[in-house]
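One structure is given below, encoded as structure tokens.
The values are calculated or read from the model by the stated rules, or taken from the named source; none is laboratory data. As the structure is a prediction and not an experimental result, all values here were calculated from the model. Heads up, the Cβs are rebuilt from the backbone with ideal geometry, glycines too, and the neighbour counts pull from every protein chain shown.
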Amino acid sequence: MTKLSQKTCIPCSGGVSPLSGKELDDLYQELVNGWSIVDEHHLEKLYKFPNFVEALGFTNAVGNLAEEQNHHPDIYLAWGKVMVAIWTHKINGLTESDFVFAAKSDDLLNP
């Protein structure tokens, strides 16, 4: 099986149901620790950094990844921390691409 971070986000054109139940659990098992599934709606992770500059650098890297993958998370920046929330807005829920983006975000810190 291909590692999630090696896949590419596939744009959702709607008309599909969000993942739930076992499908969510199986993909969740492939993520690095720290991610949470919130109400079977979105993924969320808090990244911690020793200062604002490193948190900002990570925020910019996630932004660049979002443009490259054409998959755009919500990103919250504060001193020493960055919260990333991911879901597919078109279906108001989770798809495999959300898990792919989460894995790719983690890889930004551990290339």
TODO: Inspect all residues belonging to the range 89-98 and state whether any of them is of a type in the set (D, E, K, R) and in a strand (DSSP E or B).
DONE: no
Open item on the list: Restricting to the range 44-86, name every residue that is surrounded by 13 or more Cβ atoms within 10 Å (Cβ to Cβ), in contact (Cβ under 8 Å) with a residue 60 or more places away in the chain and either part of a loop (DSSP other than H, G, I, E, B) or aromatic (Phe, Trp, Tyr) (or both).
Closed with: Tyr47, His71
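When the range 10-43 is examined, which residues are found to be outside any loop (DSSP other than H, G, I, E, B), farther than 20 Å from Lys81 by Cα and not hydroxyl-bearing (Ser, Thr, Tyr)?
Across the range 10-43, the qualifying residues are Gly21, Lys22, Glu23, Leu24, Asp25, Asp26, Leu27.
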Open item on the list: Quick check on my filter: what residues within the range 32-46 are over 21 Å from His89 (Cα atoms) and either of a type outside the set (A, V, I, L, M, F, W, C) or at pLDDT 90 or above (or both)?
Closed with: Asn33, Gly34
- [ ] Kindly indicate the residue of the range 21-33 that is of a type outside the set (D, E, K, R) and either closer than 13 Å to Ser97 by Cβ or surrounded by 12 or more Cβ atoms within 10 Å (Cβ to Cβ) (or both) and also farthest from the chain's Cα centre (by Cα) among those meeting that condition.
- [x] Leu24
